[in-house]
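These notes are about the structure you will find just below.
The values are calculated or read from the model by the stated rules, or taken from the named source; none is laboratory data. Keep in mind it's a predicted model, so treat the numbers as computed, not measured. A quick note on method: Cβ atoms are made from the backbone with ideal geometry, for glycine too, and the neighbour counts reach across all protein chains shown.
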Amino acid sequence: MILVTGGTGHLGNVLVRGLEEQGQPVRVLALPGEDTTALEGTNAEILRGNILDSASLDQAMQGVETVFHMAALVSIEPGREDLLYKVNVEGTKNVLASSMKAGVRKFIYTSSIHALARPPMGVSIDENQPFDTQNEAGPYDRTKALASVEVLKANQKGLDAVILCPTGVIGPYDYRRSEMGEQILEWMNRKVSFLVRGAFNWVDVRDVAHAHILASQKGAPGQTYIVGGHRVSLTGIQATVSRLVNNHALAITIPLPLAIWAT
């Protein structure tokens, strides 16, 4: 049995589908009352629980050989640092403890490219970069780094754990409409779009899910893997969307300092 926390999310539901295509039985830990529409059409067993509740975690771990821990709080809103720490760090520690107690064979943790220390401008980032637990970019980045460190500690204690750090995840099955998903929908309908000048590394959600499956099969214990795609500007994505839907919208780019000032 495979357990997926965060299986109702964008990446989570795509992973569940990929695992089922390989004939794997999947159990998803979902919050009480959480919308599970994203899992419609799958055969996943849905167990209600919470990564902050050790008892429900112990129940979810019964008969489980592989754990994909994806559940996390993603937020850049001010005033949420305590909640981010509780969910992303304490929650991960709970999942690790329950996994070790249950004798889980393989543990795959979904971290983030933002959890790694930023190299100097112009220097390529790779898996040799340490996790930056003091990252000044914000509490989300710090808590993902702190959680990643906890996974490495568990690996040193005997848990076969692997960490994946995706870049910007984008693609289908985005039922809850991520920020980028919402942006793409707006570009499909708007005639004029104001874009911040810049680019990011984007990766297809299906590729990220496949990377997770490969990590569970071939990932080296204690290893971190960056899962990236291609660096594309926002104007480039907007132009592609407009072309595909035949919406010849006008894109106006503005410098980042001006965008920050305007907000």
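Here are the numbers:
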read-out: Within the range 199-249, tally of residues that are touching a residue at least 12 places away in the same chain (Cβ under 8 Å), more than 29 Å from residue 108 (Cα to Cα), outside any helix (DSSP H, G or I) and touching a Ser or Thr at 6+ places or on another chain (Cβ under 7 Å); value: 1
read-out: Set 143, 167, 110: member being crowded, with 21+ Cβ neighbours inside 10 Å and in contact with a strand residue (DSSP E or B) (Cβ under 6 Å, 6 or more places away or on another chain); value: 110
read-out: Conditions (1) modelled with pLDDT of 95 or more; (2) surrounded by fewer than 22 Cβ atoms within 10 Å (Cβ to Cβ); (3) closer than 23 Å to residue 35 by Cβ; (4) in contact with a Leu (Cβ under 8 Å, 6 or more places away or on another chain): number failed by residue 88; value: (2)
read-out: Top-ranked residue of the range 23-46 - restricted to ones that are acidic (Asp, Glu) and within 9 Å of residue 8 (Cβ to Cβ), ranked as surrounded by the most Cβ atoms within 10 Å (Cβ to Cβ); value: 34
